[in-house]
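What follows draws every value from the coordinates through simple rules; no lab data is involved. Model, not experiment: these values are computed from the prediction. FYI the Cβ positions are ideal-geometry reconstructions off the backbone, even for glycines, and counts take in every protein chain you see.
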Amino acid sequence: MKFDINKINIIRITQGLSITQLAEKSQLSKATISRILGEKTNARANNIGKIAKALDVGIEQITVSDES
């Protein structure tokens with residue numbers, strides 16, 4: 001399972017959240033959020049959960065299946 005960066009950004013922007021605000025709500029560092037959204041790192045499962053909770057969405061709404 002991996003993040004769908006586009007979905008995260010759409011939800012974040014729709015909710016009026018900056019990257020800094022998302023970092024605060026998810027209790028992750030701004031650098032971690034920036035690396036994830038910049039696709040410079042793979043997110044760990046616990047970080048996926050923290051971001052989903054901060055955005056008030058289910059994990060399935062911000063991830064894509066690894067299966068093709």
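In what order do K25, K30 fall by count of nearby beta-carbon atoms within 10 Å, going from fewest to most?
On the way: K25 17, K30 14.
Going from least to most buried by this count: K30, K25.
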Give me D4, D56 sorted ascending by neighbouring Cβ count inside 10 Å, so fewest comes first. D56, D4
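Given contacts defined as C-alpha pairs under 8 Å and at least six residues apart, what's the relative contact order of the chain, whole-number percent?
Details: 57 pairs, mean separation 33.1, N = 68.
Averaging sequence separation for qualifying contacts and normalising by length gives 49 percent for the chain.
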Isotropically averaged projected area of the chain, using the convex hull of Cα atoms (one quarter of hull area), nm²: 4.1
How far is helix 45-55 tilted off the main Cα axis of the chain, in degrees rounded to 10, range 0 to 90? 50
